[in-house]
Amino acid sequence: MNPYAAPQIAGGYAPPPQQPGFQGLWRQGNLLVMHKLAPLPPICVKSGQPATQWLKRNLAWHPPWIFVLILVHILLYAVVALIMQKKASIQIGLTDEWMARRRTRMLIAWVTTLGGIGLGIVGIALENSGPETQGYIALLVPALLMTFGGLLYGLIACRLVRPDRITDQYVWLKGVHPNLLDRLPVWPYGIV
């Protein structure tokens, strides 16, 4: 018996009982709340179907107000964001279909980005090859658009879940399928 433990009485501080396989997992609105050490069940986070594959995700989060520091100086933002960030490493379950979707999206992002870089190199090489090839510098604008478009597409489309908040013990995840959330008890503690 621990004399310093919080009272464990009915309606007191004891967490509500959970289904087997869902310990350390809750829902708060459309967010999945999980303890950092709790494993996710073998259910696809994107479709709610039984998972066939696992994907490790290293998550990082910092308070949103830190973005205001970009207006002051980008280096100041980077330093404060690195100091204030919280990290978590989780394994998410996916079906074969969602894993294939992710691979396709990654392929599109890589082809677009590398195609934009290649187009830029061709434009610069042709511009410098002689006076009869003037005007190829105009290839740089589509090259830049392709490169940054591919990078942006890769960052957004390949991200399956993202943290809404991370504390020292808990992670709040966005992008989890409602079928999985419906199986979880409601987060009983408010905001920690």
Selection from the range 153-192 of residues that are under 17 Å from the mean Cα position of the chain (by Cα), over 14 Å from Leu40 (Cα atoms), among the hydrophobic types (A, V, I, L, M, F, W, C) and surrounded by 18 or more Cβ atoms within 10 Å (Cβ to Cβ): Leu160, Ile166
Residue match in the range 85-96 (condition: farther than 15 Å from Arg183 by Cβ, touching a Ser or Thr at 6+ places or on another chain (Cβ under 9 Å) and surrounded by fewer than 16 Cβ atoms within 10 Å (Cβ to Cβ)): yes
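Laboratory data are not the source of any read-out in this text; all were calculated from the coordinates shown. Note that this is a predicted model, so its numbers are computed, not measured. In this analysis, Cβ positions are derived from the backbone assuming ideal geometry, glycine residues included, and neighbour counts consider all displayed protein chains.
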